[in-house]
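Let me begin by presenting the structure, written as structure tokens, before commenting on it.
The values are calculated or read from the model by the stated rules, or taken from the named source; none is laboratory data. A quick note: this is a predicted structure, and the numbers were derived from the prediction, not measured. Because the Cβ atoms are built from the backbone with ideal geometry, glycine has one as well, and the counts that use them run over all protein chains shown. Only protein heavy atoms, including side chains, enter the accessible area calculation; ligands, DNA and RNA are left aside. Shrake-Rupley method; radii C 1.70, N 1.55, O 1.52, S 1.80 Å.
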Amino acid sequence: SILDFSKDTGAAASSLAEVSVVLSQAGLSAKETETALNALAQTTLAPTFGDIKETAEGAIAILRQFGLEAEDLSDALGSINAVAGQFAVSASDVIVAVKQAGAVFASSSKGVAESEEVFRQFIATFTSVRQTTRESAETIGTGLKTIVTRLQRLDTIESLKNFGIQLT
């Protein structure tokens, strides 16, 4: 499969082999690794993505934090690529933000929306802030993590109720 993906995309077979090891170390089965590796190999064709190894680390974060399956990865990476192509944000910025704040964002949305929709909402939120402020991905990720965490506190929820804002 690695040789096929390499031929199809022009990605270095050695890089794909390294990425496959990372994916299997993350607990993906052989079939899931193959599926994820195919999606990751496709990112080498997109100008919005950087290093495939960094993209793979981000892909693992996306899968684990948002509860997605390996077969959902192609769509998730496609969403990142589409947003990066249309707005002032790079795919690597989105991946950095996912690593920083994805888990808390996904956790706060449990039971509210499907995993794929929560992921798209995260991308939209991050992109809106990035495009408006031009702050770094790390700064925005940290800010989102802090804000979402504070919004989950009971005292914050109660205080906002006094203003007619229902968070739950």
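Give me the base-10 log of I(q)/I(0) for the chain at each q in 0.15, 0.18 Å⁻¹, Debye formula, one uniform scatterer per Cα, rounded to two decimals. Normalising to I(0) and taking log10 leaves -0.81, -1.09.
Once the C-beta distance of A12 and E116 is scaled by a Förster radius of 41 Å, the resulting FRET efficiency is 0.85 to the nearest 0.05. A simple spin-label model places pseudo-atoms 7 Å from Cα toward Cβ; at T142 and Q86 they are separated by 3.1 nm. Computing FRET efficiency as 1/(1 + (r/R0)^6) for S1 and R150, where r is the C-beta to C-beta distance and R0 is 41 Å, gives about 0.40. On full extension, the segment bounded by E135 and S24 gains 36.6 nm, given 0.36 nm per residue less the C-alpha separation. Distance between the modelled labels on R64 and N162, one decimal in nanometres: 4.0 nm (7 Å Cα→Cβ projection). For K161, no lysines have a Cα closer than 19 Å to its Cα, not counting residues fewer than 8 places off in the same chain.
Heavy-atom accessible surface of the chain, averaged per residue, reaches 53 Å², computed with a 1.4 Å probe. Solvent-accessible area of segment 38-168 (1.4 angstrom probe, protein heavy atoms only): carbon and sulfur portion equals 51 percent. For K99, the lysines whose Cα comes closer than 26 Å to its Cα, not counting residues fewer than 8 places off in the same chain, are K31, K53, K110, K145.
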